[in-house]
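Each reported figure results from applying straightforward, stated rules to the coordinates on display, with no laboratory input. No experiment lies behind these values; they were computed from the predicted model shown. Neighbour counts are summed over all protein chains in view; Cβ atoms, including those assigned to glycine, are modelled from backbone coordinates with ideal geometry.
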Amino acid sequence: MRRDQVKVCVLRIEGTNCETESFLAFERLGARPEMVHLKQLTGQDVREEEKRDLMDYHILMLPGGFSSGDYVRAGAIFAARMKSRLAKPLIEFIGDGRAVLGVCNGFQVLVEMGILPGIDGIMSPQPQAVLATNESSRFECRPTLLKYENNNTCIFTNKLKHGQVLLVPSAHAEGRLLFPSERAEAMLQRLEDNDQIVFRYVGPDGTYAGYPWNPNGSPGNIAGICNPSGNVLGMMPHPERVFHRYTHPDWTRGSDNPLGDGRAIFEGILERVTETF
């Protein structure tokens, strides 16, 4: 498949606000992204010509923002609306090996739907984890350093080298990945054993660090995880915001590379999709 044949569904509802950057990241790399409202997939309150079929796409992008105002919990309403009407096509989509990327609010949606961490199947009946309020009890918006720690399970990261550190900004109030207390240690170990931990927060020297380098207090410094098959990636930091080098906070200091650190994630999945389909 050619790159210009890769169709990307950038899903939005009221409150999402990073869909344009996400759309442009794929478009700039030659793919065919489309802004799709959730109602176009569910078929509710739209004309026939506006309806869309999820299986017509190769990649599903769940962007950041504050979907439905983040009432109840961050991402919970978006997740409930998707799961109530799209559970079957989502399971088919993921089971077919198609790619799903959830960033920030999108990661929260994937966790609320039971798609991540995905240890007990493609979509568990109940959430297996939660992205809880930051330890600082406030919204944290800052550059964060991510170390890539996956061993090629994740299909989004084939352009990265193990141990590579990326600068990707975070902007969230609820990003601390937690598991039920009685299962927390076992769940973290299963993520390790399954090679599902993709990114961890680190300090300037590349070692694990606490606040502010870990902006939310997530145990194990976890910033992003994938499902066991590697075709669903959820991460709190925003790679679409550093597609170009000039959007890095240190862009004027000592780098002739015009490419932003986040670009590699979008390039990686497009390369894999063109090879697979």
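A few notes on this one:
- GNM flexibility winner over the chain from S68, S136, S124 (Cα, springs under 10 Å): S136
- Semi-axis lengths, largest first, of the ellipsoid equivalent to the range 1-147 are 24, 19, 16 Å, with √(5λ) applied to each eigenvalue of the Cα gyration tensor.
- Cut-off 9 Å between beta-carbons: net charge of the residues surrounding G262, Lys and Arg +1, Asp and Glu -1: 0
- Counting charges near W251 (Lys, Arg +1; Asp, Glu -1) among other residues having Cβ under 15 Å from its Cβ returns a value of +1.
- Over 26 Å between alpha carbons, listed pairs K39/K147; K7/K159; K88/K159; K7/K83; K51/K159: K39/K147; K88/K159; K51/K159
- Start at zero, step by 5 Å, and the Cα-Cα distances of the range 127-277 spread as 2, 10, 18, 22, 21, 15, 8, 3, 1, 0 percent across the bins.
- Helical segments meeting 15 Å axial Cα length and Kyte-Doolittle -0.5 threshold in the chain (DSSP H): 76-95, 263-276
- Helix-derived mean residue ellipticity, 222 nm - over the chain, DSSP H n ≥ 4, -39500 (n - 2.57), to 500: -7500 deg cm²/dmol
- Projected label distance in nm at H162 and D4, using a 7 Å step from Cα toward the beta-carbon: 3.8 nm
- The alpha-carbon atoms of the chain define a convex hull whose volume equals 123 cubic angstrom per residue.
- For the chain, Cys with no neighbouring Cys Cβ under 4.7 Å: C9, C18, C104, C141
- Sorting E135, E192 by the number of Cβ atoms found within 10 Å of their own Cβ, with the fewest placed first, yields E192, E135.
- Taking Cβ atoms as reference points and 11 Å as the exclusive limit, the residues near Q164 contribute a net charge of +1, counting Lys and Arg as +1 and Asp and Glu as -1.
- The orientation-averaged projection of the convex hull spanning the C-alpha atoms of the range 94-136 amounts to 3.4 square nanometres.
- The residues K88, K147, when put in order of fewest to most other Cβ atoms within 10 Å, stand as K88, K147.
- Going from the fewest other Cβ atoms within 10 Å to the most, the residues V10, V109 appear in the order V10, V109.
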